[in-house]
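One structure is given here, and the rest of the page talks about it.
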Amino acid sequence: MVVGSSNAYDVAKLAAEAIVKKFDGQHDVLAVLGSGWAHAAAVLDAVDEISVTEIQGFIKPSAIGHGGTLKSVRVGGSRVLLLTGRTHLYEGHGVDAVVHAVRTAAFAGCKTVVLTNAAGCLRTDWGVGATALITDHINLTGFSPLTGADAPAPLHGRFVDLTDAYSARLRDIAKKVEPTLHEGVYMGFHGPHFETPAEIRAARVWGADLVGMSTVMETIAARHMGMEVLALSLATNLAAGISGEKLSGDKVLAIGKAAAGRVGPLLAEILKQIDKESKHN
Ligand code: HPA
């Protein structure tokens, strides 16, 4: 796919048509499971599922801990698409591949997207294992999903407002489920290398509480498609240079695994609460 090509939207439309056909109708919510969050898929009973390799434009994620399945789940009166793993910028397939699931879900009827991720934490008062709602982001990837030709009608308009990128309404709903959830600013890096201690010191000065390698492209694309965004981070480590310990992908995964039994059910409960407060109820 060429970055910013209208072709990317055409492929997402085709993918959406295939999903609507396979799962027999439209969905309301897309939930993307990042590292540590995959347990939610076990907590929620899938009505049906499909390997992403069978859907146009999807690439099986190569990041460890990321699955390649799209599940259709019923949560109360809502139909939820559950994606068990995402494509990251650092996999090198381009921005359109990173946001393809979000655009596809929008074309398949979803008005809400719930993004989850593993993140490095700058807040020693939160600590490893903390869960936080993202209130805003700083995009340090150097990319935008809206680069290139303007989107085809009716999606014209590449100057998307990101003032309320992360929905305060959805954050309130999440806090009804778990009042102890932290709230913070997520700084998105390209990766796949971890940040340097100097970058983390700069991130702190700029107002970041969390750092990671996902979420920001998906949020921008979702806002462009008119979706409401909720994003949650699991702090799998203190960010580079804070604890003096070296970072590794394996440690991130190990903490993610250890937290799975806690954050999976949390996500399931948040999806239930979103359903309770949705318009169709
Ligand atoms: N930095 C970037 N991405 C991450 C980190 C980190 O420290 N931990 C988990 N994902």
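The values are calculated or read from the model by the stated rules, or taken from the named source; none is laboratory data. No experiment lies behind these values; they were computed from the predicted model shown. Note that each Cβ is placed from the backbone with ideal geometry, even for glycine, and that neighbours are counted across all protein chains shown. Ligands, DNA and RNA are stripped out before the accessible areas are found, and what is left, the full protein with its side chains, is counted by its heavy atoms. Shrake-Rupley method; radii C 1.70, N 1.55, O 1.52, S 1.80 Å.
Are any residues in the stretch 219-258 out of contact with any helix residue (DSSP H, G or I) (no Cβ under 8 Å at 6 or more places or on another chain), not in a loop (DSSP other than H, G, I, E, B) and not hydrophobic (A, V, I, L, M, F, W, C), and if so, which ones?
T219, R223, H224, S233, G249, D250, K251, G256, K257
Tell me yes or no: at least one residue of the stretch 158-176 is open to solvent by 40 Å² or more (accessible area, probe 1.4 Å), closer than 30 Å to G249 by Cβ, within 13 Å of the ligand (Cβ to nearest atom) and touching a residue at least 24 places away in the same chain (Cβ under 8 Å).
Checking the stretch 158-176: not a single residue is open to solvent by 40 Å² or more (accessible area, probe 1.4 Å), closer than 30 Å to G249 by Cβ, within 13 Å of the ligand (Cβ to nearest atom) and touching a residue at least 24 places away in the same chain (Cβ under 8 Å).
What are the residue pairs meeting all of these: first residue in the stretch 137-151, first residue surrounded by fewer than 17 Cβ atoms within 10 Å (Cβ to Cβ), second residue in a loop (DSSP other than H, G, I, E, B) and modelled with pLDDT of 95 or more, Cβ atoms under 8 Å, and 6 or more apart or on different chains?
If the second residue must be in a loop (DSSP other than H, G, I, E, B) and modelled with pLDDT of 95 or more, the pairs left are I138/G207; I138/A208; G142/H190.
Please work out which residue is farthest from I50 (Cα to Cα), limiting yourself to the stretch 90-123 and to residues that are within 16 Å of the ligand (Cβ to nearest atom) and open to solvent by 20 Å² or more (accessible area, probe 1.4 Å). Walk me through it before giving the result.
Keep residues of the stretch 90-123 that are within 16 Å of the ligand (Cβ to nearest atom), which gives 90-91, 98, 115-123.
With open to solvent by 20 Å² or more (accessible area, probe 1.4 Å) added as a condition, the list becomes 90-91, 118, 123.
Details: Y90: 25, E91: 22, A118: 24, R123: 38 Å.
Only one residue fits best here, namely R123.
For the stretch 243-257, name all the residues that are open to solvent by less than 50 Å² (accessible area, probe 1.4 Å) and more than 8 Å from the ligand (Cβ to nearest atom).
Correct list: S248, G249, L253, G256.
Name, by its number, the condition in (1) within 16 Å of the ligand (Cβ to nearest atom); (2) surrounded by fewer than 15 Cβ atoms within 10 Å (Cβ to Cβ); (3) of a type in the set (G, A, S) that does not hold for A260.
(2)
For the stretch 169-197, which residues satisfy the criterion of being under 16 Å from the mean Cα position of the chain (by Cα) and among the aliphatic types (A, V, I, L, M)?
Result: L170, A174, V185, M187.
Within the stretch 197-218, restricting attention to residues that are within 11 Å of the ligand (Cβ to nearest atom) and outside any helix (DSSP H, G or I), which residue is surrounded by the fewest Cβ atoms within 10 Å (Cβ to Cβ)?
Checked the stretch 197-218; the qualifying residue surrounded by the fewest Cβ atoms within 10 Å (Cβ to Cβ) is M213.
Name, by its number, the condition in (1) part of a loop (DSSP other than H, G, I, E, B); (2) touching a residue at least 24 places away in the same chain (Cβ under 8 Å) that does not hold for T104.
Against the list (1) part of a loop (DSSP other than H, G, I, E, B); (2) touching a residue at least 24 places away in the same chain (Cβ under 8 Å), T104 comes up short only on (1).
Identify, by number, the condition in (1) part of a helix (DSSP H, G or I); (2) open to solvent by 60 Å² or more (accessible area, probe 1.4 Å); (3) modelled with pLDDT of 95 or more; (4) not acidic (D, E) that Q26 doesn't meet.
(1)
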